[in-house]
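Throughout, read-outs are computed from the coordinates displayed, never taken from laboratory work. What you see is a predicted model, and the numbers here were worked out from it, not measured in a lab. We place every Cβ from the backbone using ideal geometry, glycine too, and count neighbours over all the protein chains shown.
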Amino acid sequence: MAGNGSHNFGGDGGPATSASLNFALGVAVDAEGRLFIADTPYNRVRVVPLPPFVAFSPATLLFSTQPKSTTSAVQTITLTNTGLVPLTISSIAIAGTNAADYAQMNTCGAALEAGANCAINVTFTPSAEGSSTATLTVTDSAPGSPHTLSLSGTGTGPDLSVAVTGSGGSATVTAGQTATYNLSVTPQAGLSGTVSFTCSGAPAQATCTVSPGSLNLNGTASAPITVTVNTTARSAVWMISKPHFEQWIWVCWLGVLSAVSLVTIRKHRRGWRRTWALLGVATLGLALCAACGGSEGTHGAGGTPAGTYTLTVTASITSGTTTLQHNVALTLTVK
């Protein structure tokens, strides 16, 4: 403790630094942090309670880029009374160069008990492109009042968003079927003009189209687009079993050799007419050998291959001298 050499008796109910004492004989602190001072000549004990203290979390708010004239998602500041006595809150306000770009709503009320906290929800609506700064100010009963927290963000020019709607961004089809996706295009910050669409990443034997291929944005209204992927069915192909072929090949060749032997034997006994007939039988045997083994089933050939593919839909629009592009990924599974 420090004094000015003058003794008196007064200051009850005011700040501890304004209190007067005659002679401080003893000092004690209780479990709650209150300071007790014994004033012997006046037979008094003056109580000096600890003040409330304020803490912000986070210590600053930084908003990501936001198209001008549009409102950001809410960011929350937690105000905590870290002291041992109630905190009185006089006002919570936003001030500074770009104060109009920010808005706050809170749950704090007029007082905050010791150890309690409340939420201050802040949004950012830039009125122009470029950097924006402001200060959140809390006027209260804690030392150092008013307490401040810096706010900052960046406004951007017109933009657009492309989002999947309906059943989502994934589709599963059998080769030969059609997959359909629904999307929505929304202008931001008054963006207007013609936006065009492309689709890439379709598998072999499949086509991906966007309908309409382009549309005009009026600056406010959302517009739907449809992405269609047409796949091609796979045809059936007969397969020859190699193990069966190896089993039958010796039988086939045995028949052919027998026919050739007969040709040789009968060459001298019979006429050439029968010889030519037997040669025909031998030729037929060779043809049968080529076909020996039969089929072992079918499999698909041609058409769209089975697998999972990523399609990319790109929206492009020119605003002033800037070309804006946004991509949306879609998933296609072909069985």
Note, segment 217-234: 3J(HN,Hα) by Karplus (6.51, -1.76, 1.60, θ = phi - 60°), whole Hz, Gly/Pro = x, goes 8, 9, x, 9, 7, 6, 9, x, 9, 10, 9, 10, 10, 9, 9, 10, 5, 8
Under the Karplus relation 6.51 cos²θ - 1.76 cosθ + 1.60, θ = phi - 60°, what is the ordered set of whole-Hz ³J(HN,Hα) values for segment 159-170, x standing for Gly and Pro? 8, 9, 10, 10, 9, 7, 10, x, 7, x, x, 10
Measuring from label point to label point, each 7 Å out along Cα→Cβ, what is the THR194 to ALA233 span in nm? 3.9
Could you check the spin-label model distance between ALA55 and THR333? Points 7 Å from the Cα along Cα→Cβ, value in nm. 4.8
Distribution output for segment 107-219: share of Cα-Cα pairs per 10 Å bin in percent, first bin at 0, values 9, 24, 19, 17, 15, 10, 4, 0
How much length is gained if the chain between ASN121 and SER69 is pulled fully straight, taking 0.36 nm per residue apart and subtracting their Cα-Cα distance, in nm to one decimal? 16.8 nm
Given H placed on each backbone N at 1.01 Å, which residues far from ARG234 in sequence or on other chains put an amide H within less than 5 Å of it? THR304
Taking R0 as 22 Å, what FRET efficiency do you get between SER20 and THR40 from their Cβ-Cβ distance, rounded to the nearest 0.05? 0.95
VAL29 versus THR88, label points 7 Å from Cα toward the beta carbon: distance in nm? 2.6
Calculate the FRET efficiency for THR76 and SER150 from the Cβ-Cβ distance with a Förster distance of 22 Å, rounded to the nearest 0.05. 0.90
Taking R0 as 25 Å, what's the FRET efficiency between THR312 and SER131 from their Cβ-Cβ distance, rounded to 0.05? 0.15
Can you pull the Kirkwood radius for segment 78-153, inverse mean 1/r over Cα pairs, to one decimal in Å? 13.1
Interchain or sequence-distant (5+) residues whose placed amide H lies within less than 5 Å of the amide H of VAL54 are THR82
